Amino acid sequence: LNRLFRIAAKKEFKYLEKNLPHLNKMTLYYASIGNRESLLDNLLYLVSAEVFLDKERVIRKRTDFNAALESGKSRLVSVANDIAKLIFNILHKYHCIISNLNKPEYQSFEDVTEEIESQLYHLVYAGFLEEIALADLRHYPRYLNAISRRLEKLSLSPAKDRILAEKIAPFWNFYLDSVESGAWDGINDKPLQQYKRMLEEYRVSLFAQELGTAISVSPVKLNKQIEIIRSGNPVFTGKFNA
């Protein structure tokens, strides 16, 4: 359905392809993940989904489709600009963190840099713009800022970082094992995605509490979510704030 809207609004999307803000810089920051073409396609997918595929709107027939098309066209440019600004911000922060990890002062903290690299690998990857909802992407700058704050504090108190890292480690390992086992698909998809969000919020609370969290997360709540994932019961034990 997303593709159909993009075909129906071909003229408008052609304009966006040529005028999307920050595309050249985003392409540079995205280079280690994918090419310009895939990035642009993912961005336009995200724009189309936000403009035309309203969750409250049910499209069952052509008249529904046409109504959504016409009402959405007027919002395309403003929404595209907003999304481009957000994704540019995300990719820029991602790029800066990757660059910082390669600095000499962090070479002696191999455990930390490997953990952060693993975190980044599961945050920003090829196709993440199509897989992650826009509402969740809006939290990404804070997650990435938390990583930067962690690195800033690392050399001042490596022992404290080690203690905090030990708190997140078993929960992160459960997530990695779940993804590797294929639990990201099927009935456990949504509970595992929700668990992933909780993990990122927990990281913020541990390493950069001053940034604030969208939800209160604790080991008890994470363990409850693990039980939900294992049971295959798609129920979320919390509410994320915008």
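The values are calculated or read from the model by the stated rules, or taken from the named source; none is laboratory data. Since the model is a prediction, treat every value here as computed from it, not as a measurement. Backbone-built Cβ (ideal geometry, glycine too); neighbour counts: all protein chains shown.
Working carefully through the options E114, E131, find the one that is without any contact (Cβ under 8 Å) to a residue 12 or more places away in the chain, farther than 30 Å from V51 by Cβ and not polar (S, T, N, Q).
Criteria check complete, one pass: E114.
Give the residue, chosen from N66, N42, N35, that is under 20 Å from E12 (Cβ atoms) and either of a type in the set (K, R) or surrounded by fewer than 16 Cβ atoms within 10 Å (Cβ to Cβ) (or both).
Of the residues listed, the single one that is under 20 Å from E12 (Cβ atoms) and either of a type in the set (K, R) or surrounded by fewer than 16 Cβ atoms within 10 Å (Cβ to Cβ) (or both) is N66.
Of the residues A242, A208, A214, only one is at pLDDT 95 or above and within 15 Å of the chain's Cα centre (by Cα); which?
A214
Inspect all residues belonging to the stretch 47-54 and state whether any of them is surrounded by fewer than 17 Cβ atoms within 10 Å (Cβ to Cβ) and assigned to a loop (DSSP other than H, G, I, E, B).
For the stretch 47-54, residues surrounded by fewer than 17 Cβ atoms within 10 Å (Cβ to Cβ) and assigned to a loop (DSSP other than H, G, I, E, B): present.
Could you please tell me which pairs satisfy a Cβ distance under 7 Å, a separation of 6+ or placement on different chains, a first residue in the stretch 148-167 that is assigned to a helix (DSSP H, G or I), and a second residue that is polar (S, T, N, Q)?
L151/N100
Scan the stretch 13-33 and report the pairs whose first residue is closer than 16 Å to I90 by Cβ and whose second residue is of a type in the set (K, R) and part of a helix (DSSP H, G or I), with Cβ atoms within less than 6 Å and a gap of 6+ or a chain change.
Close Cβ pairs (under 6 Å, with a partner that is of a type in the set (K, R) and part of a helix (DSSP H, G or I)) amount to T27/R36.
Mind checking which helices (runs of 4 or more DSSP H) fall wholly inside the stretch 57-122 and carry at least 3 residues that are among the charged types (D, E, K, R) and more than 27 Å from the chain's Cα centre (by Cα)?
On the way: elements: 62-73, 76-101, 110-121.
The qualifying helices (runs of 4 or more DSSP H) are 62-73.
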